[in-house]
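Everything on this sheet refers to the single structure shown next.
Just so it is clear, none of the values below were taken in a lab; they were calculated from the coordinates. Here the structure is a predicted model, which is why all the values come from computation and not from measurement. A quick note on method: Cβ atoms are made from the backbone with ideal geometry, for glycine too, and the neighbour counts reach across all protein chains shown.
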Amino acid sequence: MLDAEAGVLFWQQDVDFADGIGDFNAEADDASFLAGLGSAYQISPDFPLALTLRYNRYFKVGDEDRTGRDNDIDRVAVGLRFAF
């Protein structure tokens with residue numbers, strides 16, 4: 001089985017940094033687009049267990065002006081799914 005997804009990720013970012021000169025604190029929150037692909041492989045037709053693999057990309061998470069970062073995040077997940 002193959003599937004795809006698209007959506008919106010609502011995120012919040014808190015940055016706290018301290019060095020010998022002083023402290024830096026910043027916060028940001030926003031929404032970013034996400035896209036993903038996934039697949040599942042049924043291990044046995046007689047047993048409801050499947051091996052899953054999923055890739056997601058989260059676009060422009062962070063706020064470069066407020067927190068110093070604005071990155072795309074890639075996520076790969078491997079798992080087992082049991083249907084009941």
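Listed values, structure above:
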read-out	value
Looking only at region 57-70, and only at residues there that are surrounded by 12 or more Cβ atoms within 10 Å (Cβ to Cβ) and free of Cβ contacts under 8 Å to residues at least 24 places away in the same chain, the one that is farthest from MET1 (Cα to Cα)	ASP70
Residue match in region 5-25 (condition: touching a strand residue (DSSP E or B) at 6+ places or on another chain (Cβ under 8 Å), surrounded by 11 or more Cβ atoms within 10 Å (Cβ to Cβ) and among the charged types (D, E, K, R))	yes
Members of region 56-73 found to be at negative phi and part of a strand (DSSP E or B), listed by number	ASN56, ARG57, TYR58, PHE59, VAL61, ASN71, ASP72, ILE73
Unmet criterion (only one of (1) β-branched (Val, Ile, Thr); (2) touching a helix residue (DSSP H, G or I) at 6+ places or on another chain (Cβ under 9 Å); (3) more than 26 Å from LYS60 (Cβ to Cβ)) for ILE21	(2)
Those residues of region 24-48 which are within 22 Å of ASP63 (Cα to Cα) and charged (D, E, K, R), in sequence order	GLU27, ASP29, ASP30
Members of region 31-56 found to be under 14 Å from GLY7 (Cα atoms) and either over 16 Å from the mean Cα position of the chain (by Cα) or of a type outside the set (Phe, Trp, Tyr) (or both), listed by number	ALA31, SER32, LEU34, ALA35, GLY36, LEU37, ASN56
Subset of region 34-47 that is among the hydrophobic types (A, V, I, L, M, F, W, C) and under 14 Å from ASP74 (Cβ atoms) - its residue that is surrounded by the most Cβ atoms within 10 Å (Cβ to Cβ)	LEU34
